[in-house]
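Contents: one structure, followed by commentary.
The values are calculated or read from the model by the stated rules, or taken from the named source; none is laboratory data. Given the structure is predicted, the values throughout are model-derived calculations rather than measurements. So basically every Cβ, Gly included, is an ideal-geometry build from the backbone, and we count neighbours across all protein chains shown.
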Ligand SMILES: *Cc1c(COP(=O)(O)O)cnc(C)c1O
């Protein structure tokens, strides 16, 4: 099946009682054990509503099995802890989602796990590896600067050393990038973003091989970050339109990146689809679309960033991303607020940086909204 068909049909549950098209929402948390061997239980990650979503995402990501969680962070933290413990060493990219970065700096010492942050390149990641390294965690494109790393290069390096690789594929979504096909072991998503797609649910998923999914599920049963049946259903429904949504969002983002790059009020645009962006050449080889996230900096001498944000009529200043509606935020005040100003500076997240999550609206309307807000925010030169 092709991706669009997988979105609709993969994992489908046949409901024999009525012949209905959709998966029923199975609300039970207690199941008969006398007549079956492995009765479902939500925290055992084996209910029907969890399973149909896992199967669909596995099809989309070319993975064998996976575990669905109640948040992206539950997926990421459980996946890491399933493969790294006390005395082990983990290499992570410097430019990681702020929450993952905070988990590492807050909790790893307590857990006895050593770690090294590396820059966004195979060479830097390889140099950070030691003989105690058990896990390498990457993200591409990164949040919020859209850095791109050679995914196959990292996978090959780690595989040769017996190290487990984890990628956060949230920004690309499986519509634009399938890391398991490039040799990555575990693909993690914050399903809160593109998979949910309507800014109304919170979930996460980790998909991988059958063996590794078993290892993650084992740890997950202890940590317990399971997703309820109602949200599983909402997510299953959302996934049916994932390809449609992401394709429109990606096309819109390309047009907005071009518009912003040509604007005299904009000093910098970060989008892997722009030829002048450093990661463009690698992105071309590993992404089928460049995604719908982009960041940019306004020229502080020409426009007020604050007035710009307040003058937008259509584009909503909001945290999170991946919804059908276009949203904008300043990462220094949202996703990366827990990071110290020095750390933010080191990874290039300036206070003026704005991150755009492009939705499915008409691109003309979005560009018009930005144009109007830029005019409102223009500082008088006199
Ligand atoms: C939001 C996000 C997460 C965390 O997901 P939650 O669902 O909020 O726990 C992880 N990685 C990336 C790239 C994200 O954008």
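Worth pointing out:
- Members of the stretch 349-372 that are assigned to a helix (DSSP H, G or I) and surrounded by 22 or more Cβ atoms within 10 Å (Cβ to Cβ): 366, 370
- Residue among 342, 275, 325 that is assigned to a loop (DSSP other than H, G, I, E, B), surrounded by fewer than 20 Cβ atoms within 10 Å (Cβ to Cβ) and free of Cβ contacts under 8 Å to residues at least 12 places away in the same chain: 275
- Residue 320, sole failed condition from (1) away from the ligand (no atom under 16 Å from the Cβ); (2) at pLDDT below 95: (1)
- Of the residues making up the stretch 71-95, those that are touching a helix residue (DSSP H, G or I) at 6+ places or on another chain (Cβ under 8 Å) and within 11 Å of the ligand (Cβ to nearest atom) are 72, 73, 74, 76, 77, 95.
- Only one entry of 320, 380, 335 meets the criterion of being part of a loop (DSSP other than H, G, I, E, B) and without any contact (Cβ under 8 Å) to a residue 60 or more places away in the chain, and that entry is 380.
- Residue 308 part of a helix (DSSP H, G or I) and in contact (Cβ under 8 Å) with a residue 12 or more places away in the chain: yes
- Scan of the stretch 124-145 for residues that are assigned to a loop (DSSP other than H, G, I, E, B) and either within 16 Å of residue 207 (Cβ to Cβ) or modelled with pLDDT of 95 or more (or both), ordered by number: 129, 130, 131, 132, 140, 141
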